[in-house]
Amino acid sequence: MKITSKLIALLCAILLFSCGGKEEKKDGFSLERSKVEEAPAQTSVASDEVPASQRITLDEKGVGQIKEITLDPEINTAMAAEGEAIFKTNCTACHKLDKRFIGPSPKGILERRSPEWIMNMILDPQLMTEQDRCAKDLLVEFNGAAMANQNLTLEQTRAILEYFRTL
Amino acid sequence: MKKVKYSMLGLLGLSMIFIGCNDPGKSSNGALASSAAEKVYIAPGQRDSYYAFLSGGYSGNLTVYGLPSGRMFKEIPVFSQFPTSGYGYSEETKPMLNTSFGFVPWDDLHHPDISQTNGELDGRWIFVNGNNTPRIARVSLSTFETEEIIEIPNSAGNHSSSFITENTEYVVAGTRFSVPVPQRDMPINEYKGNFKGALSFISVAPDNGRLNLEFQILMPGFNYDLSRPGRAKSHGWFFFSTYNTEEANSLLEVMASQNDKDFIAAVNWMKIEEYVKNGGGTKMPANYAHNVYDEETHTGTSTMKKEVITVDPTDVPGAFYLLPTPKSPHGCDVDPSGQYIIGSGKLSADITVHSFDKMMAAIEGKKFDGEAYGIPILKFEEVMAGTVKSGGLGPLHTEFDDKGNAYTTFFISSEVVKWNVGTWEVLDRKPTYYSVGHLMIPGGNSRKPFSKYLVAMNKITKDRYLPTGPEMEHSAQIYDISGDKMELLYDFPTHGEPHYAAGCPAELLEPRSKKIYRLDENKHKYVTSSPDQARVERNGNEVHVYMSTIRSHFTPDNIEGIKVGDKVYFHITNHEQDFDVPHGFSIIGQNTSEILVMPGQTKTSVWEPKQVGVWPFYCTDFCSALHQEMQGYVRVSPANANVELSWSLGE
């Protein structure tokens with residue numbers, strides 16, 4: 001009996017507390033984050049200092065059918081325009097130029113990734129996230145939102161790469 | 001006492017040994033069962049060697065199975081609304097179920113038949129019939145979706161359907177119930193001599209399969225039960241079994257079993273085709289729906305047709321004959337050579353086999369035994385090739401293997417009987433569990449059967465599975481027919497009530513099965529071709545939401561400015577281009593079903609908000625690790641509110 005009455009009292013206290021709390025925080029709630037954040041930051045640092053999205057891996061060609069490609073010094077504008085159209089219909093649901101969205105912005109990607117890596121990532125994102133270190137880390141960094149395979153042809157993928165050179 | 005006990009034990013032991021010796025079947029049951037298990041076992045990740053398409057009967061749908069495993073892969077909605085995909089609920093598919101009676105969201109689906117070229121399965125389409133509100137449907141075997149449904153006027157109980165000629169020139173639909181043609185108000189008991197039985201010939205366009213009702217033959221008022229095309233030498237003819245040649249209109253259970261023999265009607269459709277091509281036949285006003293689903297617009301349209309050409313059989317001499325066949329024949333099956341027409345008198349013990357050659361000779365020699373409504377009746381003994389004295393009871397349906405054998409189901413004695421085509425000798429018989437109706441051998445209704453498996457579809461299940469209350473799914477059995485004797489391999493439950501099935505080797509369909517719809521080929525009127533085209537448009541109280549989906553969000557996912565009394569059309573375009581990544585859509589309080597949108601496809605769901613509030617919608621198909629996050633909100637304001645129409649994502 002004693003225990004139950006104590007429990008009820010405790011429950012009432014919790015209820016009171018939670019009701020009061022809710023009213024005070026009408027605009028949502030915020031956790032005291034500063035302390036919490038440090039710990040996971042440290043553990044992730046242990047695996048790699050730079051987040052995957054900012055890492056420069058120009059020597060990595062990724063995993064997949066694209067082994068070696070050479071880019072013309074001149075950008076093929078017709079091909080780039082074609083790539084832009086394909087990008088618009090197939091990719092912009094997740095990739096925006098002006099911001100980080102579901103996935104990263106393709107702006108400046110050629111400063112961080114090799115052309116081969118980019119094409120392999122578009123052609124078979126599942127294989128890449130399974131077998132390529134950087135792709136795997138990107139998946140984790142971007143919240144586990146797996147990149148969709150849009151079943152693009154080699155030519156379409158190449159055109160998108162050309163479009164990326166113009167960004 | 002002890003002595004007695006011992007002797008009893010001894011007796012028991014002896015008798016056990018006896019049973020063991022005398023019944024090798026039973027004693028080796030374990031070994032037999034394990035070899036049967038190996039024959040149907042498909043290891044994880046492995047695939048079946050045959051597709052089987054089982055009709056769903058009163059489910060209105062078609063089910064796809066694998067053989068020999070008996071695993072069900074898919075239910076294809078045809079005549080019934082199907083919440084799983086939104087078929088019959090989405091705006092695009094509602095027109096598919098339109099008829100002259102309005103929207104009919106159900107039918108009784110009976111006989112699947114796979115398209116053929118030169119009498120061999122070609123795997124382009126599968127045809128099925130709706131028995132109740134007469135319709136024929138064509139299902140694509142690349143998308144496994146219903147592409148076309150045509151209503152059959154002047155027909156009722158569309159049962160001797162939907163069987164195709166050997167180059168898929170026609171899909172044929174015969175009426176089971178004769179009716180007044182045209183329909184009119186008249187006393188039922190004036191049936192005899194006044195009602196007609198319509199046999200409909202629907203052409204199939206070779207390139208895209210489009211159906212057109214070319215002509216209807218208005219036969220005497222019998223019941224046309226089942227039918228089969230002639231093949232090879234008999235190509236150009238079609239055979240229909242009949243019962244109720246008594247033309248009874250009541251208590252048919254007794255009144256339609258008076259005649260010792262009914263008929264198999266032989267129809268020379270090539271002759272009639274030519275007659276119609278030369279201007280023959282009578283144009284008759286009609287009203288029937290023709291519904292077509294377009295794969296590129298992802299949209300069905302329904303058109304009402306207003307005319308049909310009818311043919312009076314007495315106007316085309318030499319095109320119609322009646323073959324007397326005992327005891328209300330049900331199954332009417334033609335062997336792979338096209339020589340034999342098998343009539344299964346369902347109230348008989350024997351199976352009657354007619355010969356095509358003898359029939360032609362009898363026609364030539366005018367060996368007639370009178371006529372019925374101007375159609376010559378051929379002399380029974382002049383057309384009959386033989387009788388299978390089976391010893392069973394209640395033969396129904398026959399399929400064939402590639403070794404000159406036939407397999408007939410017997411409903412009353414619950415068995416499949418194997419017999420030789422030509423000698424009529426019974427070679428084997430195996431019990432079924434229980435009361436078998438149809439049977440199916442892949443290609444067993446073509447010039448080229450694949451003689452590996454036989455599926456028996458039973459009407460009664462009883463004790464075969466764990467009980468599930470008074471209603472149980474029907475059972476089917478798979479037999480190995482590659483040897484001299486049939487071997488029962490496996491039981492599996494079916495869905496609805498299978499009336500017949502069609503099967504084919506997996507390699508015929510596997511490579512051509514569509515994986516995605518291409519987004520750049522999507523010609524839907526309300527497509528959202530790229531996410532920046534996503535928008536909301538108001539037109540009076542009609543609101544059109546152009547929405548796109550990809551793993552794992554809707555664009556847009558916040559919509560405001562909707563009002564009570566609006567009719568909101570959510571046009572969802574799935575921007576995935578990867579195999580097996582559909583997204584679903586549903587919203588609270590919607591009076592239809594969810595929709596499941598395939599990659600590259602657009603589907604529309606209607607919602608009529610009735611209450612003010614902020615209402616969530618979500619993806620119904622677990623699409624990714626972030627599927628639970630795939631949701632959105634619609635703000636619904638009072639009808640007279642001034643909240644501006646707006647939409648957003650991630651703002």
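For chain B, evaluate the Debye formula with one uniform point scatterer on each Cα (no solvent term) and list log10 I(q)/I(0) at q = 0.06 Å⁻¹, rounded to two decimals. The calculated log intensity ratios at q = 0.06 Å⁻¹ are -0.40.
Near residue B:639: Cβ cut-off under 13 Å, other residues only, Lys/Arg at +1 and Asp/Glu at -1. The net charge is +1. Of the residues B:377, B:437, B:404, the one whose Cα sits farthest toward the positive end of the charge dipole of region B:375-465, with +1 on the Cβ of Lys and Arg and -1 on the Cβ of Asp and Glu, is B:437. With a ≥ b ≥ c the root eigenvalues of the C-alpha gyration tensor of region B:503-651, is it rounded (a/c under 1.5), prolate (a/b larger than b/c) or oblate? Verdict is prolate for region B:503-651.
Net charge dipole, chain B: roughly 1360 debye, given to the nearest 20, about the Cα centre with Cβ charges of +1 for Lys and Arg and -1 for Asp and Glu. Pair-distance distribution of the protein assembly as shown: all C-alpha pairs, bin width 10 Å, starting at 0; shares per bin in whole percent are 2, 11, 17, 18, 16, 13, 10, 7, 4, 1, 0.
Ranking B:552, B:527, B:499 by how far each Cα lies toward the positive end of the dipole of region B:499-651 (charges on Cβ) leaves B:499 at the top.
When the chymotrypsin sites (Phe, Trp or Tyr not before Pro) in region B:75-151 are filtered for DSSP coil states and for at most 14 other beta-carbon atoms within 10 Å of their beta-carbon, the remaining sites are B:101. Here the dipole of region B:309-363 is about 200 debye; that uses its Cα centre as origin and unit charges on the Cβ of Lys and Arg (positive) and Asp and Glu (negative).
Once you reduce region B:107-170 and region B:528-591 to the center of their Cα atoms, the two points are 35 Å from each other.
So what's the net charge close to residue B:628: Lys and Arg +1, Asp and Glu -1, counting the other residues with Cβ under 13 Å from its Cβ? Display every interim value, and only then the final one.
Numbers: positive: B:551; negative: B:621, B:629.
Here the charged neighbours net out to -1.
Other residues whose C-beta falls under 14 angstrom from the C-beta of residue B:306 contribute a net charge of 0, scoring Lys and Arg +1 and Asp and Glu -1. If R0 equals 22 Å, the separation of the Cβ atoms of residue B:423 and residue B:72 corresponds to a calculated FRET efficiency of about 0.05. For the pair region A:64-143 / region B:276-320, the C-alpha centres are spaced 55 Å from each other. Computed over region B:521-648, relative contact order equals 29 percent, with contacts defined as Cα pairs under 8 Å that lie 6+ residues apart. Of the listed pairs B:233/B:271; B:448/B:515; B:271/B:346; B:327/B:389, which have alpha-carbon separations greater than 20 Å here? From B:233/B:271; B:448/B:515; B:271/B:346; B:327/B:389, over 20 Å: B:448/B:515; B:271/B:346. Extension gain, residue B:190 to residue B:610: 0.36 nm times the residue separation minus the Cα-Cα distance gives 145.9 nm.
Hey, with R₀ at 25 Å, roughly what FRET efficiency would residue B:463 and residue B:103 work out to, going by the Cβ-Cβ distance, to 0.05? The pair residue B:463/residue B:103 has a calculated efficiency of 0.05. Taking the Cα centre of each part, how many Å lie between region B:399-473 and region B:608-623? Each part reduced to its Cα centre gives a spacing of 49 Å. Take the Cβ atoms of residue B:315 and residue B:258, set R0 to 30 Å, and the FRET efficiency comes out at 0.50.
So what is the relative contact order for region A:77-166, in percent, with contacts set as C-alpha pairs under 8 Å and at least six apart? Averaging sequence separation for qualifying contacts and normalising by length gives 46 percent for region A:77-166.
For chain B, averaging the sequence separation of C-alpha pairs within contact (under 8 Å, six or more residues apart) and dividing by the residue count gives a relative contact order of 11 percent. The C-alpha atoms of chain B define a longest principal axis, and helix B:2-22 lies at about 80 degrees to it.
Overall, the protein assembly as shown carries a charge dipole of about 1920 debye about its Cα centre when +1 sits on the Cβ of Lys and Arg and -1 on the Cβ of Asp and Glu, all other atoms neutral. Projected label points at residue A:88 and residue A:133, each 7 Å from Cα along the beta carbon direction, are separated by 3.9 nanometres. Between residue B:438 and B:457, B:500, the built amide H atoms are under 5 Å apart, and every one of these is 5 or more places off in sequence or on another chain.
Throughout, read-outs are computed from the coordinates displayed, never taken from laboratory work. Note that the coordinates shown come from a computational prediction; the quantities given were computed from them, not determined experimentally. Methodologically, a virtual Cβ is constructed for each residue, glycine included, from the backbone with ideal geometry; neighbour enumeration extends over all protein chains shown.
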